[in-house]
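Every number here is computed from the coordinates shown, using simple stated rules; none is lab data. Source: prediction; values computed, not measured. Using ideal geometry, Cβ is built from the backbone for each residue, glycine included, and neighbour counts are taken over all protein chains shown.
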Amino acid sequence: MDNVPVEYPVNTAEDLSLFVSDQKENGWEALTDQKKAFCHAYTMEYNHRESAVEVGFAANSGIRLLRDPLVAAYLAHLQDLQLTSNIITKEYINTNYMKLLEIATGQVEMPIMLATGEQVYGKKVMVGEATNILKEMSKSIEYAKDTGTKSAAVSVSINFGSLLGDSGPPVVIDQNVIDTDG
């Protein structure tokens, strides 16, 4: 079990409020680097279990960390910063598209419902979804430069067989024009 101490020199809610204000002014020195890293990971994923594991805590520590008053205050501080710094960046979009692309190309197991109603986990290749993700990514990285038209030439070559262990020829998706209006 991870050691996730929640001990601060406070006795009342007023003391806690003063302590948090002091921490904010002094760079959150009472928070360990690991707890700060958890907060940063959490603001990207909003998944306490994955964020905890990502920074070296046990998965079940994430919920306890969120209940830590100083961690909660630091998270609120980070969220305030994000509101003023425009969190939706190209990097944020591309990071999330890459996660979706891993799922769509069958690199990640996901729940699959069988005809019998049973749920199993497996990898599933979704060519159409993968193609759409790549089209959207091309927009976000400005592959489809604004030339006054709403189209761009795209040629995508994906060897889905190699993802599944086959060594067959790649699947080639060649679309001369992509409608960027959706």
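Taking Rh as the Kirkwood radius computed over C-alpha pairs, what is the Stokes-Einstein D of the stretch 44-126 at 37 °C in a medium of viscosity 0.692 mPa s, expressed in µm² per second?
Estimated diffusion coefficient is 211 µm²/s.
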### Query
Could you give P(r) for the stretch 13-85, binned at 10 Å from zero, as whole percent values over all Cα-Cα pairs?
20, 53, 25, 2
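Step through the table entries Lys36/Lys139; Lys24/Lys90; Lys90/Lys123; Lys36/Lys135, compare each Cα-Cα distance with 31 Å, and write down the pairs that go over it. Can you show the working numbers first?
Numbers: Lys36/Lys139 33 Å; Lys24/Lys90 29 Å; Lys90/Lys123 28 Å; Lys36/Lys135 35 Å.
As for pairs spanning more than 31 Å Cα to Cα, those are Lys36/Lys139; Lys36/Lys135.
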#### Entry: Efficiency of FRET between Lys90 and Val10 - r from beta-carbon atoms, R0 35 angstrom, step 0.05
0.25
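Taking R0 as 41 Å, what FRET efficiency do you get between Glu109 and His40 from their Cβ-Cβ distance, rounded to the nearest 0.05?
Details: r = 27 Å, r/R0 = 0.65.
Efficiency at R0 = 41 Å is approximately 0.95.
Please give the FRET efficiency for Glu102 paired with Glu29, using the beta carbon to beta carbon distance and R0 = 45 Å, rounded to the nearest 0.05.
Details: r = 38 Å, r/R0 = 0.84.
Efficiency, rounded to the nearest 0.05: 0.75.
By how many nm would the segment from Ile63 to Met126 grow when fully extended, if each residue of separation counts as 0.36 nm and the alpha-carbon distance is taken off?
19.3 nm
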### Task
Return the distance in nm (one decimal) between the two label points of a simple spin-label model at Ala76 and Glu118, each offset 7 Å from Cα along Cα→Cβ.
4.9 nm
